[in-house]
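Bear in mind these aren't lab numbers, they're just calculated from the coordinates by the rules spelled out. Since we're looking at a predicted model, the values are computed, not measured. Note that each Cβ is placed from the backbone with ideal geometry, even for glycine, and that neighbours are counted across all protein chains shown.
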Amino acid sequence: MEPITLAAIVLIGGIIIGLALGIPVAVAMGVPSALAIVVLLGWEAGALTSAQRVFTASNSFALLAIPFFILAGGLMNTGGIAQRLIDLAQVIAGRLPASLAQTTVVSNAMFGAVSGASVASAAAVGSVLSPPMRKAGYDPAFSAAVNAAASPAGMLIPPSNTFIIYSLVSGTSVAALFMAGIGPGLLWALVCIIVVAFYARKRPELRSSDRPTIREGGRVLLRAIPALLMIVIVIGGILSGTFTATESSVIAVLYALVLGLVQKTLPVRALPSITLEAAKTTSIVMLLIGVSGILAWVMSYARVPVLIADALLGLTENPFIILIVIMVILLLVGTVMDPTPAILIFTPIFLPIVTELGVDPIHFGTMMVFNMCLGNISPPIGNNLFVAARVAKVRIEPMIRQVMPFFWALTAALFVVAFVPQLSLWLPTLMGLVAP
């Protein structure tokens, strides 16, 4: 048997078996990749090459933004920022039908934009709004489903760690990706609002909450402004060229820390545990990035991206059909794989194909992240499903049934993102980050 054929069997078979057995993704991806290199190069050269690939993939200054944005999200979550944003969301959505569910959607969009993490958003918003929704007569499974479905908007609305990883792999501008994510992120929230409105038509007893007075709304807005300013400072600093995306992540940590301490909402005794949790999350992400370097080397050596590109282009030259095929593949991948490894693995495969078809890499990045957001709410391992179910104290099975209307509506929105590129590109073009 040819070494490349044997290496392919070891690689693909090992990853499939590892994922099927529930082995952590980093191990299921890294061990078969390293063994495949050993098959190709021998033990000594294979071990050396694997170590070099891990170091090279992780040795990027841009990756420093990830731990700092994770830490900033933890500081703001613990420091009471979530509650202030939820109060503001209730003012905004208070007159809409099923207003508590609509508040969940708006809260997730705002807090996700501040924290950059959909799981953290689902945990924070769900812990605050699940009890009042249960008391108001909402189906607990539906309450959890709204929270799970709305929370991935934070992966699209900047700052977003997912876009930073895509930028690293694709060589595109982080600032352009941040701006490109705003339109699709707002579309995600709007679709969730529409689905909730249809639910409210079947439950007319779920009336809107009392409209706050102008004085009450103004007071809530003033309390929330410091949290919202973090987005303005971080994104504004990047766009103005005052600091890079990596430097902005440090400023976000400093801002969140000072804000929490000055407002006395962030206990000093909680800082060690927040930092430790951020370090744990960062280590998982960095391990995935490191082992993806081994996988990328194997695929490049075996010319896997070229073979897949030839197969797709040989199937059809119609760019619409190829984009649909890619979206279907990414949707299927998203049901069994987290966004970080999926982006690290499939960006080098699909990006050359779509660029050859004339698709802008920034546009493709938003399309890919939108796909990964759908993966976060897709059975069987969508992370947000389990977090939302745990916070709402409901079983996962009935919640999944309630999530599916959101999933199908958001899948339709994915086609809008894919085939209406200006939804992603109009703001980066306006800012001069993408050539018109």
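A few remarks follow.
- Whole-Å semi-axes of the ellipsoid equivalent to the stretch 60-430 (Cα gyration tensor, √5λ, descending): 33, 25, 19
- Dipole magnitude of the chain, debye to nearest 20 (Cβ charges: Lys/Arg +1, Asp/Glu -1, about Cα centre): 1760
- For the chain, the longest principal axis of the C-alpha atoms and the axis of helix 361-375 are separated by about 70°.
- The chain: calculated mean residue ellipticity at 222 nm from DSSP helix runs of at least 4, using -39500 (n - 2.57): -26000 deg cm²/dmol
- The base-10 log of I(q)/I(0) for the stretch 1-59, evaluated at q = 0.16 Å⁻¹, reads -0.50 [Debye formula, identical scatterers on Cα atoms, solvent excluded].
- Crossing angle, helix 304-315 versus the chain [Cα axis fit, 0-90 degrees, rounded to tens]: 80
- Length-normalised contact order of the stretch 1-115 in % [C-alpha pairs under 8 Å, at least 6 apart]: 17
- Highest-MSF residue in the chain out of 270, 124, 98 [GNM, Cα springs under 10 Å]: 270
- Residues of type lysines that residue 135 reaches as a straight line, Cα spacing below 26 Å, ignoring anything fewer than 8 places off in the same chain: 202, 393
- With contacts taken as Cα pairs under 8 Å at a separation of at least 6 residues, the chain carries a relative contact order of 24 percent.
- Cα-based helix-to-principal-axis angle, 396-419 vs the chain, degrees rounded to 10: 70
- The Cα atoms of the stretch 149-306 define a convex hull whose projected area, averaged across directions, is 14.5 nm².
- For the stretch 250-309 versus the stretch 401-419, the gap between their alpha-carbon centres in whole angstrom: 28
- Among 398-407, 32-41, 318-327, the order from most to least packed when residues are scored by Cβ within 10 Å on average: 32-41, 398-407, 318-327
- Think of the chain as having a plus end and a minus end, set by charges on the Cβ of Lys, Arg, Asp and Glu; of 363, 185, 230, 230 sits farthest toward the positive end of this dipole.
- Along the axis of the charge dipole computed for the chain (Cβ charges of +1 for Lys and Arg, -1 for Asp and Glu, origin at the Cα centre), the listed residues 80, 289, 412 are led at the positive end by 80.
- Sorting the Cα pairs of the stretch 238-285 by distance into bins of 5 Å, from 0 upward, gives 5, 18, 18, 24, 16, 14, 5, 0 percent per bin.
- Loop-located trypsin sites (Lys or Arg not before Pro) across the stretch 215-318 with a Cβ neighbour count of 12 or fewer within 10 Å are 264, 303, with loop assigned by DSSP.
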